[in-house]
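Right, one structure below, let's go through it.
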Amino acid sequence: AVSAAAWLAATHAVEADRAIAHQHAKLSRFLKLGGFGDETKPYVRSRIAELASGRCLCEYVWDGGGSGWSDSLPTDADLLVHLFATYLDLVAPPSGGGAAAKPPAAAAGSSLFGSAFGAPPGGSLFGGSSLLGAAPRPAAGSSLFGAAPAPAAAAASP
């Protein structure tokens, strides 16, 4: 039995073949969403094609997906955030290493923004139960800058 690494090394000995293999490895990162298994790759591939085929993401459903979507598949919101973060991981220079440093090998599902885009510990980024949940309502009488303003003294009537 030949290992996958040995097969790739022997098969991609030509420079053009190595470039194709490298490009495939970069592009396959877009299909692997953290928190979802490899069985979602066909759906992710087809959903990216559906979203890209229209104008201005007209097929976008923030809390769902396209045809064949179920709760076990990523929502369009999950997918777009993952695509954006993966793109930034590919084009952003590594932190602290300067322009000449090579980026570290990223684990599947890891990114600049955390490992799987799941909800952070303790709930959502925005206070709801999901990644894009509703923001909590401020306490009654509170303002943008903290405590509620003191009530104005009643003006004495003449």
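Points worth noting:
- Residue list for segment 49-71, filter: of a type in the set (Ser, Thr, Tyr) and out of contact with any Leu (no Cβ under 7 Å at 6 or more places or on another chain): 53, 67, 70
- Residue list for segment 1-56, restricted to those being surrounded by fewer than 10 Cβ atoms within 10 Å (Cβ to Cβ) and within 22 Å of residue 69 (Cβ to Cβ): 37, 38, 39, 52, 53, 55, 56
- Considered as a group, the residues in segment 26-79 that are in contact (Cβ under 8 Å) with a residue 60 or more places away in the chain and of a type in the set (Gly, Ala, Ser) include one that is nearest to residue 92 (Cα to Cα), and that residue is 34.
Every number in this text was worked out from the coordinates using simple rules, so none of it is lab data. Treat the numbers as computed from the prediction; the structure is a model and nothing was measured. Glycine gets a Cβ as well: all are built from the backbone with ideal geometry, and neighbour counts include every protein chain shown.
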